[in-house]
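Everything on this sheet refers to the single structure shown next.
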Amino acid sequence: MYDLIIIGAGPAGLTAGLYAARGRINALLLERFSPGGQVLTTDWVENYPGFPEGISGFELMEKMKTQAEHFGLPIRMEEVIGLELHPEKKVVITHKEHLEAKALILTLGATPKKLGIEGEEPLIGKGVSYCATCDGPFYREQEVAVIGGGDTALEEALFLTRFAGGIHLIHRRDRLRAVKLLQDRAMAEEKIEFIWDTVPIRILGESGVEGIEFKNVKTGEISRKEVQGVFVFIGTQPNSNVINGMVKQDEKGFVMTDEKMETSIPGVFAAGDIRSKALRQVSTAVGDGANAAFFAERFIENME
Ligand code: NAP
């Protein structure tokens, strides 16, 4: 039996793993894709302390992974498909095996939300994208729409200015949610046009995106714009399928914890974007991960 199994190798999971490995507890980190989490799709991170010039999302995550492994953390590529949460042991079920641990840290992260409008689903990968860093270079000198007014929408719109001919940023209000610095940068960028008080209602095209239809929420007016790409950044939803109500979740499905990062089940902790909280950043995920590992270690000691 492991002392601790951590599920998900984003910034929270890798930090929890680093702390657990340095604490010399018998820990295992499981990851379904490759370590790094959502940060891997971020071109440039400039608000993670210690890198005054900024750092690429990929490089930052490589460093976190290397640091955790340096202290002996085993990282295994296996997708978790089920959990059994007993008071005396937690069982983690993957496609290959049943693993047991005294404590768990859930660092499953979050996934971009979809708009749920006509044309979106069939055109995913054919012009509809949730990652400018991944798909931006396909839109050289083309027109694209960006949906959303938060940090992600503005960062990704700014990234797209390197490639696209024009970016039409569609936001449902007349005020952006993003941090002021990003607002100033985006407003100063000639390639970005802001379309305020507007929601997309349909993505047009058969074999590829040809346009977007949208509605002004104040006037009710419906308009269209010819675009070849639609980038959607309207927030995230928790990767909580495997949790399935076993621990207390908020109305959006994010996992609720106390300040020790402990969920409603003793010995089950949650950290990072999966957790119900106000601010989802690399820096807050890292803090969550450190706390979760610290209190998981105490829980394990008390069990013994
Ligand atoms: P977010 O902050 O939740 O913003 C989502 C945006 O999409 C909002 O402007 C929202 O409008 C809009 N929206 C939501 N649902 C919509 C819908 N159905 N139709 C149209 N528009 C919709 O999400 P995010 O930008 O992905 O950021 C998530 C978290 O990550 C935040 O805590 C953010 O600070 C953090 N983040 C940080 C950085 C960074 O620090 N560099 C970078 C990226 C993300 P309203 O404003 O009207 O609600």
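Just so it is clear, none of the values below were taken in a lab; they were calculated from the coordinates. Small disclaimer: the values here were computed from a predicted structure and weren't measured. With ideal geometry, Cβ positions are generated from the backbone for all residues, glycine too; neighbour counts draw on all protein chains shown.
Worth a mention:
- Shown in residue order for the stretch 37-51 are the 3J(HN,Hα) couplings computed by the Karplus curve 6.51 cos²θ - 1.76 cosθ + 1.60 at θ = phi - 60°: x, 5, 4, 4, 8, 9, 5, 9, 10, 10, 10, 9, x, x, 10 Hz (x for Gly and Pro).
- In nm, spacing of pseudo-spin labels at Lys248 and Arg175 (7 Å Cα→C-beta vector): 3.2 nm
- Three-way shape label, the stretch 125-244, alpha-carbon gyration tensor, a/c 1.5: rounded
- Dipole moment magnitude, nearest 20 debye, the chain about Cα centre, only Lys, Arg, Asp, Glu C-beta charged: 400 debye
- Sorted largest first, the principal axis extents computed over the alpha-carbon atoms of the stretch 192-302 equal 62, 30, 28 Å.
- Mean separation of Cα contacts under 8 Å (6+ apart) over length of the stretch 1-148, as relative contact order %: 28 percent
- Each of Ala157, Val282, Gly245 was scored by the projection of its Cα onto the charge dipole of the chain, and the greatest displacement toward the positive side belongs to Gly245; charges sit on the C-beta of Lys, Arg, Asp and Glu.
- Computed about the Cα centre, the dipole magnitude for the stretch 1-127 is approximately 360 debye when only Lys and Arg (+1) and Asp and Glu (-1) carry charge, each at its Cβ.
- Normalised by the number of residues in the stretch 197-298, the mean separation of alpha-carbon contacts (under 8 Å, six or more apart) gives a relative contact order of 15 percent.
- Sites Glu226 and Glu46 - FRET efficiency at Förster radius 45 Å, r taken between beta-carbons, to 0.05: 0.85
- Rg(Cα) / (2.2 N^0.38 Å) computed for the stretch 65-177, rounded to two decimals: 1.54
- Taking 21 Å as the straight-line reach from the Cα of Lys191, the lysines in range (excluding those fewer than 8 positions away in the same chain) are Lys180, Lys225.
- Gyration tensor verdict on the stretch 22-65 (Cα atoms; rounded if a/c is under 1.5, prolate if a/b is larger than b/c, oblate otherwise): oblate
- Hull volume in cubic angstrom per residue (convex hull over the Cα atoms of the chain): 137 Å³
- Charge dipole of the stretch 204-262 about the Cα centre (unit charges at C-beta), most positive-ward option of Ile222, Met256, Val209: Ile222
- Signed unit charges on C-beta, dipole axis of the stretch 10-108, positive-most listed residue Leu60, Pro35, Tyr19: Tyr19
- Two-site FRET efficiency, Arg162 against Glu97, from Cβ-Cβ distance with R₀ of 30 Å, rounded to 0.05: 0.10
- Gyration tensor verdict on the stretch 46-129 (Cα atoms; rounded if a/c is under 1.5, prolate if a/b is larger than b/c, oblate otherwise): oblate
- The GluC sites (Glu not before Pro) of the stretch 33-111 meeting both criteria, a DSSP state outside H, G, I, E and B (loop) and at most 14 other C-beta atoms within 10 angstrom of the site's C-beta, are Glu46, Glu53, Glu79, Glu88, Glu97.
- The stretch 78-120, dipole about Cα centre (Lys/Arg Cβ +1, Asp/Glu Cβ -1), debye to the nearest 20: 180 debye
- For the chain, averaging the sequence separation of C-alpha pairs within contact (under 8 Å, six or more residues apart) and dividing by the residue count gives a relative contact order of 21 percent.
- Segments 195-202, 6-13 sorted - mean Cβ within 10 Å per residue, highest first: 6-13, 195-202
- R0 of 45 Å, Cβ-Cβ distance Asn302-Asn216: FRET efficiency to nearest 0.05: 0.15
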